[in-house]
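K.L.:
Sharing a structure with you now.
The values are calculated or read from the model by the stated rules, or taken from the named source; none is laboratory data. Predicted model only: the values in this text are computed from it and were never measured. Every residue, glycine among them, receives a Cβ derived from its backbone with ideal geometry; neighbour counts consider all protein chains shown. The accessibility values were calculated without ligands, DNA or RNA, using every heavy atom of the protein model including side chains. Shrake-Rupley method; radii C 1.70, N 1.55, O 1.52, S 1.80 Å.
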Amino acid sequence: SDERIKTPLIREGNGFREASWDEALELTANKFKALMKKYGNDTVGAFSSSRCTNEENFLLAKFVRTVFRNNNVDNCARV
């Protein structure tokens, strides 16, 4: 679709502005770091899907364990 969003958007004021992928990822990482610093590592986690491959689920779990330093990973295994 021509209406598909092709670049990241960052909220500013009452609207959004286009950003580079590097800027969007850095902003996201900084937000996660701030949350973990303020409330602790257990405040963040990730959800996955049983429709993903075992390898994809493993990578997400490894990401959470190494980056967020917790085991807060869940998966919708009810398909």
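K.L.:
Which lysines, if any, have their Cα less than 25 Å from the Cα of Lys6, not counting same-chain residues under 8 positions apart?
P.N.:
Partners found: Lys31.
K.L.:
Can you sort Phe63, Phe16, Phe47, Phe68 by 1.4 Å-probe accessible area, starting with the largest? Kindly include the intermediate steps, with their values, before the conclusion.
P.N.:
Working: Phe63 100, Phe16 125, Phe47 170, Phe68 10 Å².
Sorted by accessible area, descending: Phe47, Phe16, Phe63, Phe68.
K.L.:
Additional query: Phe32 to Ala77: extension gain in nm, 0.36 nm per residue of separation minus the Cα-Cα distance?
P.N.:
Gain on stretching Phe32 to Ala77: 13.6 nm.
K.L.:
Roughly how tilted is helix 54-63, in degrees to the nearest 10 and between 0 and 90, from the longest Cα axis of the chain?
P.N.:
In the chain, helix 54-63 runs at an angle near 70 degrees to the longest axis.
K.L.:
Mind giving me the nanometre distance, one decimal, between the label points for Thr53 and Glu3, set 7 Å out from Cα along Cα→Cβ?
P.N.:
3.4
K.L.:
Right, next: Going from most exposed to least, what order do Glu56, Glu23 have by accessible area with a 1.4 Å probe?
P.N.:
Final ranking, largest accessible area leading: Glu56, Glu23.
K.L.:
Spin-label point model (7 Å from Cα, Cβ direction): what's the Ser20 to Thr43 distance in nm?
P.N.:
Between Ser20 and Thr43, the simple spin-label model gives 3.0 nm.
K.L.:
For the chain, what is the calculated [θ] at 222 nm in deg cm²/dmol (nearest 500), taking -39500 (n - 2.57) for each run of four or more DSSP H residues and dividing by its residue count?
P.N.:
Taken over the chain, the calculation gives -12000 deg cm²/dmol.
K.L.:
Right, something else. If you roll a 1.4 angstrom probe over the protein chains with everything in place, what fraction of the accessible area of region 16-79 belongs to carbon and sulfur, to the nearest %?
P.N.:
56
K.L.:
Give the accessible surface of the chain per residue, rounded to a whole number of Å², with probe radius 1.4 Å and ligands, DNA and RNA excluded.
P.N.:
86
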